[in-house]
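The values are calculated or read from the model by the stated rules, or taken from the named source; none is laboratory data. All values derive from a computational prediction rather than experimental measurement. Backbone-built Cβ (ideal geometry, glycine too); neighbour counts: all protein chains shown.
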Amino acid sequence: MHVQQILKDYLEIHGYWVLFIGTFLEGEAVLLLAGFLAFQGYLNILGVICTAWAGSFLGDQFYFYLGRFKGKWLIKRFHSIARKFREALKLIEKYGYFVAFISRFTYGFRIVLPIILGITNLAPKTFLWINLSSALSWAVVFSLGGYLFGKSASLVLDNVSNYEHYLVLSLLGFICMAWLSHAYHIWKLKKPVRERLARIRAAHNSRRILS
């Protein structure tokens, strides 16, 4: 059997489960790839959107109730969540509960924001409806992003299937570059804070040596 047919059969059986788990956890990268594979015929684009919608929605519902029942413990236990908790509160103060809609579009807060919203007095029913609409819009945007990437490639290449592996690598490279660019931007924004902490530590050490 042709390798391409084997891959197609495998993805038709397991692809949606992989996509569901990926979008339950976070999943922009896996959703973009799924959208591209849908263009190639390995998956169905409507199935991709519905699976991503379900995974994303259930994921945020889980994180919301995790925050409702275990949020305070998580803040005490994990310093990274406690640090982002303060930043998330600023977002909530600025944008209100619209943050519940945009949480999955905010890099670095995808999981933390639903947990923090669970700690607040946001009604579970309100979060449920916001989460449903947000998950659907997210699923559509990123699924079609991968699909249109394949569509754009087909306008340039005679036979996209012959360049499939290169296109997947290009898409992964683009995702990595976007992630690295964002990480560098965050690192640069926090540079003054690191320098201030370094000066405080240096001054503290100097006083300790003199004493």
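Which of the residues belonging to the stretch 120-152 are touching a Gly at 6+ places or on another chain (Cβ under 9 Å), at pLDDT 85 or above and closer than 21 Å to Arg86 by Cα?
The one that is touching a Gly at 6+ places or on another chain (Cβ under 9 Å), at pLDDT 85 or above and closer than 21 Å to Arg86 by Cα: Phe127.
If you check Ser103 against the conditions, is it crowded, with 18+ Cβ neighbours inside 10 Å, without any contact (Cβ under 8 Å) to a residue 60 or more places away in the chain and hydroxyl-bearing (Ser, Thr, Tyr)?
yes
Select from the stretch 47-80 the residues that are among the hydroxyl-bearing types (Ser, Thr, Tyr) and surrounded by 15 or more Cβ atoms within 10 Å (Cβ to Cβ) and write down the one among them that is farthest from the chain's Cα centre (by Cα).
Looking at the filtered set, the residue picked out is Tyr65.
Name the one entry in Arg83, Arg110 that is under 20 Å from the mean Cα position of the chain (by Cα) and assigned to a loop (DSSP other than H, G, I, E, B).
Arg110
Can you go through Phe127, Phe85 and tell me which one is surrounded by 16 or more Cβ atoms within 10 Å (Cβ to Cβ), hydrophobic (A, V, I, L, M, F, W, C) and touching an Asp or Glu at 6+ places or on another chain (Cβ under 9 Å)?
Phe127
Mind listing whichever residues of the stretch 22-36 are among the aliphatic types (A, V, I, L, M) and either closer than 15 Å to Gly150 by Cβ or out of contact with any helix residue (DSSP H, G or I) (no Cβ under 7 Å at 6 or more places or on another chain) (or both)?
Within the stretch 22-36, Leu31, Leu32, Leu33, Ala34 meet the criteria.
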